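Written out below as structure tokens is the structure these notes cover.
The values are calculated or read from the model by the stated rules, or taken from the named source; none is laboratory data. On a predicted model such as this, the values are computed, not experimentally measured, just so you know. Cβ atoms come from the backbone with ideal geometry, glycine included; neighbour counts cover every protein chain shown.
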Amino acid sequence: MINNIVINIEGLTKTYDKSTAVDEISFTVNEGEVFALLGPNGAGKTTTVEIIECLKTPDKGKVEVFGIDLKDKKKQNDVKRRIGVMPQNFNAFDWLTVKENLEYFRELYSSKVSTDELIDRVGLRKKMNSMYKTLSGGTKQRVGIAISLINEPELLFLDEPTAGLDPQARRETWNLIRELKEQGKTIFLTTHYMEEAQELSDRILIIIEGKIVAGGSPNELIENYGGNKSVILKNCNKKILEDRGIKYETDTENQIQIIFDNNEQLFNILSAVTNDPNVEIEIKKPNLDEVFLNLTGRRINAEGLAK
């Protein structure tokens, strides 16, 4: 491994029949970061991680994990021993309890980590004697993450870890991922949720139709591709703005939108309306939704489809 690079991908390509799932993508993942591959269903996210996890063979390109070239089949077991995987649509044994499921996988992997330690690490103490089939979606995801930690991995793959969860369960899973990062884990996350990538990731690659369209930290992506910041005003006397020479637009709800580029312009807008107690003010900043829209002309819906 060179410096702190855990994963090095160069020109990775994978095709199925006449369809190209991954199209000459290149990137690196650094030790200790949460790295997100963000894109809609069918973008090539799962194919990419399955290649890195030694589950699929690429058509061409270089894939190095911990400095090990995955073309060397004999060394792939060295990689597998050092990674943890929670696949998309993870499931466990319905009629076993949480503790029994963990004990089963501990035996399967000859793990030295105690079941109690795993239970406490992911916050399952109160559910340890509950059957898996009775658990909520968020708690099932915690079981999946616990199982992925059984071999004490240095690198953790979480493929769409909150797909289908309600907002509360999603945020509970986010908190667990943050805790794992604080414990020193390198986390490779795939997701179609913009907010999830923005909240959790140190770096993001946006992928669509097998190609990388942009990459960087959430702030870098928003700064470079998110568009303008704006002030939204309700119940505002337009003459106040016109007297100051402030340009504005109105929407269908008769709200006023004013685009600004810097703090000086923002202070000028706010000072114009400060003395009117009826004015409601909202400062709107661009987010990853705007980034994806500006880059692709589409949005990703809750089901993971780009439209």
Open item on the list: Going residue by residue through the stretch 242-265, is there one that turns out to be assigned to a helix (DSSP H, G or I) and of a type in the set (A, V, I, L, M, F, W, C)?
Closed with: no
- [ ] Starting from the stretch 232-254, take each residue that is within 16 Å of Phe267 (Cβ to Cβ) and list its partners that are assigned to a loop (DSSP other than H, G, I, E, B) and among the charged types (D, E, K, R), counting only C-beta distances under 9 angstrom and pairs at least six apart or across chains.
- [x] Ile240/Asp276; Leu241/Lys247
- [ ] Out of the residues in the stretch 56-72 that are part of a loop (DSSP other than H, G, I, E, B) and of a type in the set (Asp, Glu), state the one that is surrounded by the fewest Cβ atoms within 10 Å (Cβ to Cβ).
- [x] Asp72
Task: Selection within the stretch 280-297 - modelled with pLDDT of 90 or more and in a loop (DSSP other than H, G, I, E, B) - done: Pro286, Asn287, Gly297
Task: Cβ-Cβ under 7 Å pairs, at least 6 apart or on other chains, the stretch 149-177 side closer than 21 Å to Glu33 by Cβ and touching a residue at least 60 places away in the same chain (Cβ under 8 Å), far side surrounded by 17 or more Cβ atoms within 10 Å (Cβ to Cβ) and acidic (Asp, Glu) - done: Phe157/Glu53
Task: Of the criteria (1) under 23 Å from Gly164 (Cβ atoms); (2) surrounded by 15 or more Cβ atoms within 10 Å (Cβ to Cβ); (3) more than 18 Å from the chain's Cα centre (by Cα), which one Thr46 fails - done: (3)
TODO: Tell me, please, whether a residue that is at pLDDT 90 or above, within 25 Å of Gly210 (Cβ to Cβ) and either surrounded by fewer than 15 Cβ atoms within 10 Å (Cβ to Cβ) or among the charged types (D, E, K, R) (or both) can be found in the stretch 259-267.
DONE: no
Open item on the list: Taking the criterion of being small (Gly, Ala, Ser), assigned to a loop (DSSP other than H, G, I, E, B) and surrounded by fewer than 18 Cβ atoms within 10 Å (Cβ to Cβ), would at least one residue in the stretch 175-185 satisfy it?
Closed with: yes
- [ ] Would you check which residues across the stretch 217-226 are under 23 Å from Ile269 (Cβ atoms), surrounded by 15 or more Cβ atoms within 10 Å (Cβ to Cβ) and not β-branched (Val, Ile, Thr) and list them?
- [x] Gly226
Open item on the list: Residue under question is Asn129, and the condition is that it be over 21 Å from the mean Cα position of the chain (by Cα), modelled with pLDDT of 95 or more and assigned to a loop (DSSP other than H, G, I, E, B); does it hold?
Closed with: yes
Task: Qualifying residue in the stretch 209-222 (condition: farther than 17 Å from Thr191 by Cα, in contact with a helix residue (DSSP H, G or I) (Cβ under 9 Å, 6 or more places away or on another chain) and part of a strand (DSSP E or B)) - done: no
- [ ] Would you check if Ala302 is among the hydrophobic types (A, V, I, L, M, F, W, C), assigned by TED's automatic domain parsing to the domain that holds Phe35 and under 29 Å from Asp166 (Cα atoms)?
- [x] no
Task: Selection within the stretch 186-216 - under 11 Å from Val34 (Cβ atoms), out of contact with any Ser or Thr (no Cβ under 7 Å at 6 or more places or on another chain) and surrounded by fewer than 21 Cβ atoms within 10 Å (Cβ to Cβ) - done: Glu199
Open item on the list: What's the total number of residues in the stretch 25-43 that are surrounded by 15 or more Cβ atoms within 10 Å (Cβ to Cβ) and part of a strand (DSSP E or B)?
Closed with: 9
Task: Qualifying residues in the stretch 81-112 (those that are over 22 Å from Asp159 (Cβ atoms) and of a type in the set (Ser, Thr, Tyr)) - the one surrounded by the fewest Cβ atoms within 10 Å (Cβ to Cβ) - done: Ser110
- [ ] Please work out if Asp78 is exposed (fewer than 15 other Cβ atoms within 10 Å of the Cβ) and in a helix (DSSP H, G or I).
- [x] yes
TODO: Report yes if Ala169 is surrounded by 22 or more Cβ atoms within 10 Å (Cβ to Cβ) and either part of a loop (DSSP other than H, G, I, E, B) or aliphatic (A, V, I, L, M) (or both), otherwise no.
DONE: no
